[in-house]
1. Please name all residue pairs, on different chains or six or more residues apart, with Cβ atoms under 8 Å, provided the first residue is in the range B:1-27 and is in contact (Cβ under 8 Å) with a residue 40 or more places away in the chain and away from chain A (no Cβ under 14 Å) and the second residue is small (G, A, S) and assigned to a strand (DSSP E or B).
2. Tally the residues that are in contact with a Lys or Arg (Cβ under 9 Å, 6 or more places away or on another chain), in a strand (DSSP E or B) and open to solvent by less than 60 Å² (accessible area, probe 1.4 Å), restricting the search to the range B:53-72.
3. Considering only the range B:26-35, I want to know if a residue exists there that is open to solvent by 40 Å² or more (accessible area, probe 1.4 Å) and either assigned to a strand (DSSP E or B) or charged (D, E, K, R) (or both).
4. If you take the residues in the range B:12-25 that are in a strand (DSSP E or B) and under 13 Å from the mean Cα position of the chain (by Cα), which one is farthest from B:C90 (Cα to Cα)?
5. Quick one: what pairs do we get from the range A:81-92, first residue over 12 Å from A:K17 (Cβ atoms), second of a type in the set (S, T, N, Q) and in a strand (DSSP E or B), C-beta under 6 Å, 6+ apart or different chains?
6. Can you tell me which residue among A:L11, A:L88 is modelled with pLDDT of 95 or more, farther than 26 Å from B:Q6 by Cβ and assigned to a strand (DSSP E or B)?
7. Are any of the residues in the range A:89-104 away from chain B (no Cβ under 12 Å) and more than 11 Å from the chain's Cα centre (by Cα)?
8. Among the candidates B:T95, B:T65, B:T80, which residue alone is touching a Gly at 6+ places or on another chain (Cβ under 8 Å), at the interface with chain A (Cβ under 9 Å from one of its Cβ atoms) and β-branched (V, I, T)?
Amino acid sequence: EAQVTQNPRYLITVTGKKLTVTCSQNMNHEYMSWYRQDPGLGLRQIYYSMNVEVTDKGDVPEGYKVSRKEKRNFPLILESPSPNQTSLYFCASSLGSAGNEQYFGPGTRLTVT
Amino acid sequence: GENVEQHPSTLSVQEGDSAVIKCTYSDSASNYFPWYKQELGKRPQLIIDIRSNVGEKKDQRIAVTLNKTAKHFSLHITETQPEDSAVYFCAAARTGNQFYFGTGTSLTVIP
C-alpha cells in the first residue's frame, strides 16, 4: 500500500531533550516536506527536500533540522525542543515539485513541557 | 515571501446549497494552487488543484477558479452534503516545492 508513515504518532517530552520524528514514504517520491499545524495558523512549511542530500528552509525553520540521506526517509530533528514547538506535525511527499499531489502522513502530536 | 489569506474562517450552509471559499496570494511567481480537505483528526487530503495557465477546473461538485491578475482563487462546492463538513485549506506554491497555506475554513453543512 502506497503511504507516508510517521513515528511516533504522539510524543510528550521536556524542554531541551533532543528528539527525532521519522518520516518514510514507499512511493519513490523525490520531494518531501515537513509542516506544523497550529490552531488559527493553518499549515506552515518547516523544511523541504527536492532529492537526496538536497534540503531547503521553508517558512518556519528555526529550531528544526532535517536530513535526507535516503530517498524514502526524511527525519525531523529537534535538537533542543521548547514549549513553542508544541504542535501537530505532518510529513508529506510528492512525485515532483509543486504541481504534483502531496500525500500527507498521519501526523505527530508533539507536546513539549 | 508569499502571503496567502483565506476567507471566511467559518462557513455554515444548508445541505444542498453552495459553498464558496476565497483565497488571495501575494507572490506573482506562484504557479500552483491546491485545495485540501481535512476532516477532524485526519490528515489533509488534496481535493482539487489548478495551475497558473488555467482559469477554471471542475471535478463533479467541486470547482476552482483562478484570477492571476487579481491574485485570487476560489473553491466552489455545489449541492453540499453533510460529508462535506471539514476544514478546507488553500495553498500557493511555486516550482521548487515551497508551499504557503491559508489559515483554513471550517465548513459545516447543516442537514
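The values are calculated or read from the model by the stated rules, or taken from the named source; none is laboratory data. These numbers were taken from a predicted model, which means no experiment stands behind them. In this analysis, Cβ positions are derived from the backbone assuming ideal geometry, glycine residues included, and neighbour counts consider all displayed protein chains. Accessible surface areas use protein heavy atoms only, side chains included; no ligands, DNA or RNA. Shrake-Rupley method; radii C 1.70, N 1.55, O 1.52, S 1.80 Å.
1. B:L11/B:A19; B:L11/B:S106; B:V13/B:A19; B:V20/B:S74; B:K22/B:S74
2. Residues in the range B:53-72 being in contact with a Lys or Arg (Cβ under 9 Å, 6 or more places away or on another chain), in a strand (DSSP E or B) and open to solvent by less than 60 Å² (accessible area, probe 1.4 Å): 4 in total.
3. No, the range B:26-35 has no match at all.
4. Restricting to residues being in a strand (DSSP E or B) and under 13 Å from the mean Cα position of the chain (by Cα), the top hit is B:A19.
5. A:T86/A:T111; A:L88/A:Q37; A:Y89/A:T108; A:C91/A:Q6; A:A92/A:S33
6. Sole residue among the options that is modelled with pLDDT of 95 or more, farther than 26 Å from B:Q6 by Cβ and assigned to a strand (DSSP E or B): A:L11.
7. no
8. B:T95
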